[in-house]
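The values are calculated or read from the model by the stated rules, or taken from the named source; none is laboratory data. Given the structure is predicted, the values throughout are model-derived calculations rather than measurements. Cβ placement follows ideal geometry from the backbone for every residue including glycine, while neighbour counts extend to all protein chains displayed. Heads up: the accessible areas ignore ligands, DNA and RNA and are worked out on the full protein's heavy atoms, side chains in. Shrake-Rupley method; radii C 1.70, N 1.55, O 1.52, S 1.80 Å.
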Amino acid sequence: MRLTIQRKSVKVTPNPKRVIARFFYSGDERAVILIKKVLALSADDVFKLISPLLQDFSKRHRSITKKLLKHCERVRPQIEQAGGEFDQLDESAKLLIGAYFTHEYSIESAAFFNPSIIEDPDKSDLEEGQMRVILSFRAVGEGHVSSVAFRRAMIDRNNNISVMPVGNYIDEAERIRNAKYHKSLFLKKGEDEGINQHFLQIVDEKLGDEFEYDALKEILLQVISETTDEHEIKQYRLILALSDSYRQITFSRDTDISDRVIFPISDLESRGIEDARFVKFTDDDGSVIYYATYTAFDGSYIMPKLLETTDFYDFRTSPLNGAGAKNKNLALFPRKINGKYAMLARIDGWNNFITFSDNINVWEEPKMIQSPEHPWEFVQIGNCGSPIETSEGWLVITHAVGPMRKYCIGASLLDLENPEKEIGRLDQPLIIPNPEEREGYVPNVVYSCGSLIHNGELIIPYGLSDYSSTFATVNLEMLVKKLKSE
């Protein structure tokens with residue numbers, strides 16, 4: 001039985017016009033010198049400089065004045081060092097100073113790939129057979145910094161896909177809040193994890209009953225600077241990384257989903273947020289929450305993290321810990337199995353594992369369930385997003401790497417009640433990069449972070465050689481039959 005893969009003609013490509021206004025800082029000494037020069041300008045000169053800037057950049061950003069004032073506020077200490085009085089500055093001067101500490105960043109100038117797909121919570125105004133979906137992408141800009149960007153799309157009764165046009169602007173979160181830590185709970189957790197008593201004593205002495213990450217970071221960096229013990233330094237850096245993982249981010253309610261970008265906000269994410277795998281998770285009580293596992297990367301250290309939301313305006317980030325939450329390629333099941341959360345993982349970078357937990361942030365005792373078997377997957381095998389529940393089993397879309405590091409997309413079927421058991425696996429790939437798909441930032445790669453079922457077909461959005469994205473469909477019944485026969 002031969003499967004027919006239908007590639008869609010629609011393609012989503014990088015758009016260098018999608019720019020955000022970010023804070024730009026070149027160091028205290030240069031900042032103070034620069035601010036002194038601005039403060040020396042006459043009011044008339046300030047107005048002549050800021051007026052055309054506002055006219056120009058207001059066409060590119062939703063509220064450029066708000067951003068410039070915010071960035072000016074961030075250099076308040078340097079303004080005081082330069083001899084200025086922040087509260088006495090008029091708005092034009094604040095705006096101009098803010099402009100000197102702002103730059104535009106094109107979030108997807110280099111690539112827009114590795115999509116995941118979920119059904120949009122908004123089901124209004126749909127015709128029979130239609131589905132509105134939310135797509136997430138790995139957007140890559142200057143310096144190969146990755147972020148999470150979104151698009152909305154419509155799938156019709158024939159599974160034709162239309163990606164909605166983007167808005168005129170794109171924004172980072174309006175508010176980013178560090179989680180507050182309760183000292184008593186932090187100390188208890190530290191003792192349970194075997195963190196050395198010297199550090200815990202310093203925290204107890206120097207921090208209040210509640211504290212935020214920045215206060216903890218200051219103490220950690222001081223302690224790190226005072227020791228040469230590599231084991232202690234590694235432990236302290238792990239504490240720093242884990243503590244920095246808890247944040248809440250909020251987007252303005254007047255933004256379309258295509259206007260929102262989740263840009264790296266912590267030290268651990270400084271080199272990017274990679275390959276978010278979104279899934280609609282239904283709890284035992286019927287409540288729904290949207291999770292995404294993703295990889296935080298600082299240039300040398302990888303940390304798996306969890307993103308959660310109910311409305312795609314308010315998000316919370318937290319770390320994923322434990323022996324089952326290592327490396328990349330974590331993907332949550334869309335519901336609990338036998339009362340426990342379940343997750344696929346690739347902790348060794350080579351094989352597929354499964355792990356179960358009572359706590360969605362802590363994963364232990366991973367068990368290997370798949371290893372490379374066929375020549376096109378000899379290098380490694382991994383998942384392409386969360387398992388999809390069907391009446392015949394858990395459908396897992398996989399990626400595999402073969403000779404010349406060619407990435408292909410495959411599929412396997414796991415038992416519904418015992419997903420440690422593989423029912424079947426394709427002996428040939430579903431999707432192989434064709435001549436039109438093999439050229440890009442990383443040649444010969446097709447890769448997905450999530451698929452869904454609609455109108456009897458599996459819909460697979462996938463990245464093309466780490467540059468752009470497209471879609472393919474395959475008949476679900478035929479795919480499952482083939483999986484069960486192999």
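Observations
- The figure for Trp350 is an accessible area of roughly 130 square angstrom, using a 1.4 Å probe on the protein chains alone.
- Shape analysis of segment 73-191 yields a ratio of the Cα radius of gyration to the Kirkwood radius, Rg/Rh, of 1.16.
- All C-alpha pair distances within segment 193-261, sorted into 5 Å bins from zero, spread as 3, 13, 23, 20, 11, 7, 7, 7, 6, 3, 0 percent across the bins.
- Solvent-accessible area of Met164, all protein chains in place: 70 Å² (probe radius 1.4 Å, heavy atoms, ligands and nucleic acids excluded).
- Cα pair distances of segment 437-486 binned at 5 Å [whole percent]: 5, 21, 21, 17, 16, 13, 6, 0
- The alpha-carbon positions of segment 1-152 define a convex hull whose volume is 176 Å³ per residue.
- Solvent exposure ordering (accessible area, 1.4 Å, most first) of Arg253, Arg247, Arg62, Arg2: Arg2, Arg253, Arg62, Arg247
- Karplus 3J(HN,Hα) series, Hz, for segment 269-276 with 6.51 cos²θ - 1.76 cosθ + 1.60 (x for Gly, Pro): 9, 4, 9, x, 10, 10, 6, 5
- Each residue of segment 59-67 was assigned a 3J(HN,Hα) from its phi angle through the Karplus curve 6.51 cos²θ - 1.76 cosθ + 1.60 (θ = phi - 60°); the sequence is 6, 10, 9, 4, 8, 5, 5, 4, 5 Hz, with glycine and proline shown as x.
- Residues of type aspartates and glutamates that Lys183 reaches as a straight line, Cα spacing below 16 Å, ignoring anything fewer than 8 places off in the same chain: Glu191, Asp192, Glu193, Asp204, Glu205, Asp209, Glu210, Glu212, Asp214, Glu218, Asp244
- Calculated P(r) of segment 342-400 - Cα pairs past 15 Å, %: 53
- With distances taken between every two different alpha-carbon atoms, segment 256-360 has a Kirkwood hydrodynamic radius of 14.4 Å.
- Cleavage-rule hits (trypsin sites (Lys or Arg not before Pro)) in segment 139-172: DSSP loop, at most 12 neighbouring Cβ within 10 angstrom: Arg157
- Its Kirkwood hydrodynamic radius, worked out from the mean inverse distance over all distinct Cα pairs, puts segment 37-119 at 14.5 Å.
- Over 23 Å (Cα to Cα) - which of Lys188/Lys340; Lys8/Lys406; Lys67/Lys217; Lys123/Lys305; Lys234/Lys305 fall in this group: Lys188/Lys340; Lys67/Lys217; Lys123/Lys305
- Per-atom-type breakdown for the chain gives carbon and sulfur 49% of the accessible area (1.4 Å probe, protein chains only).
- Three-way shape label, segment 201-330, alpha-carbon gyration tensor, a/c 1.5: prolate
- Segment 294-342: radius of gyration over Cα atoms, expressed as a fraction of 2.2 N^0.38 Å: 1.30
- Close amide H partners of Arg260, meaning residues 5 or more places away or on another chain with modelled amide H under 5 Å apart, are Phe150, Asp171.
- Whole-percent P(r), segment 252-295, all Cα pairs, 10 Å bins from 0: 22, 36, 35, 7.
- In units of the compact-protein estimate 2.2 N^0.38 Å, segment 404-479 shows a Cα radius of gyration of 1.21.
- If you take all other residues with their beta carbon under 10 Å from the beta carbon of Asp284, and give Lys and Arg +1 and Asp and Glu -1, the sum is 0.
- Heavy atoms of Lys66: accessible area, 1.4 Å probe, square angstrom to 10: 120
- For segment 295-435, accessible area per residue (1.4 Å probe, heavy atoms of protein chains only), Å²: 38
- Surface listing: Tyr407, Tyr290 arranged by accessible area from highest to lowest gives Tyr407, Tyr290, probe 1.4 Å.
- Loop sites in segment 53-100: GluC sites (Glu not before Pro), DSSP, at most 15 other Cβ within 10 Å: Glu85
- For volume of the Cα convex hull per residue in Å³, the candidate list reads (i) 149; (ii) 174; (iii) 159; the entry that matches the value derived from this model is (ii).
- Dividing the summed -39500 (n - 2.57) terms of all DSSP H runs of n ≥ 4 by the residue count of the chain sets its mean residue ellipticity at 222 nm at -7000 deg cm²/dmol.
- In this structure segment 156-217 gives 63 Å² per residue of accessible area when probed at 1.4 Å with all protein chains present.
- Proximal lysines to Lys37, defined as alpha-carbon separation beneath 19 angstrom and excluding residues fewer than eight positions away on the same chain: Lys48, Lys94
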